Amino acid sequence: MPNKKPIVLAEPALSYCDAADHPIHGPYHDREYGFRVTDDAVLFERLMLEINQAGLSWLTILKKRDAFRKAYRDFDVDAVARFGARDRARLLRDAGIIRNQLKVNAAIENARRLRAIKKSHGSFVTWLDEQHPLSLDEWRKVFKRAFVFTGGEIVREFLVSTGYLPGAHRESCPAYVAAIKSGPLWKRPA
């Protein structure tokens, strides 16, 4: 009989679940991350937060979340779509948010694109639901056509965080059960 090597199971990969006991990450992990989102303003917020996180830590973004909400009018798509030069200048001076011209411009442009999506589909959530089910690569292509500043990691995190793709929680995580009860689209049959 050939000498067989024992099977060694890999350590579980790092997961956002590992941050569940953190005072800032914990509430987001326990009540939002991976949960189904059906509110357009919340979806827009998540997309903008993911865009702003690029190159930074998620902790930085969560700490600035209230300032983002104030700066971007509670993520009202129509209000942000109307932002002009004065608003851009105001946002670039606002130390409470990420003052990056590309990210500020992306927020405004994506709000304008979302307004068109809402006009043609009724809502952002309807548009997203109509895309389901797609592979991650297909989602990336859809987002590249529809929005600006939406690279692969931004798209993946947005879709995982809003319940369109799996991977938010380990099955052993208490938040997994709550997230499943929210009805994430990835759990529904095609």
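Where a number appears in this text, it was derived from the coordinates with a stated rule and is not lab data. Since the model is a prediction, treat every value here as computed from it, not as a measurement. No Cβ is skipped: glycine too gets one built from the backbone with ideal geometry, and neighbour counts run over all protein chains shown.
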Mind listing the Cα extents of the stretch 10-49 along all three principal axes, in Å, largest one first?
38, 24, 17
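Hey, got the dipole for the chain? About the Cα centre, +1 on K and R Cβ, -1 on D and E Cβ, debye to the nearest 20?
On the way: 32 positive and 23 negative charges, 122 e Å.
Roughly 580 debye, rounded to the nearest 20.
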Report Rg (one decimal) and Dmax (nearest whole number) for the chain, counting Cα atoms only, units Å.
18.4, 78
Pseudo-spin-label distance residue 190 to residue 137, built 7 Å along Cα→Cβ, given in nm, is 1.4 nm
Thinking of the stretch 34-79 as a set of Cα atoms, what percent of all their pairs are more than 14 Å apart?
50 percent
For the stretch 96-183, just list the percent of Cα-Cα distances falling in each 5 Å bin from zero outward, please.
3, 13, 19, 22, 18, 14, 9, 3, 0
Along the dipole axis of the stretch 24-183 (charges at Cβ: +1 for Lys and Arg, -1 for Asp and Glu; origin at the Cα centre), the most positive-end residue among 84, 163, 143 is 84
Going through the stretch 142-190, which trypsin sites (Lys or Arg not before Pro) have at most 16 other Cβ atoms within 10 Å and a DSSP loop state?
170
Grab the DSSP H runs of the chain that are 4 residues or longer, score each as -39,500 (n - 2.57), total them, divide by all residues and round the 222 nm result to the nearest 500 deg cm²/dmol.
-16000 deg cm²/dmol
Signed unit charges on C-beta, dipole axis of the chain, positive-most listed residue 117, 33, 55
117
Could you work out the relative contact order of the stretch 115-170, using alpha carbon pairs under 8 angstrom and six or more residues apart, expressed as a whole percent?
20 percent
At 7 Å along Cα-to-Cβ for each site, give me the label-to-label distance between residue 24 and residue 78 in nm.
3.4 nm
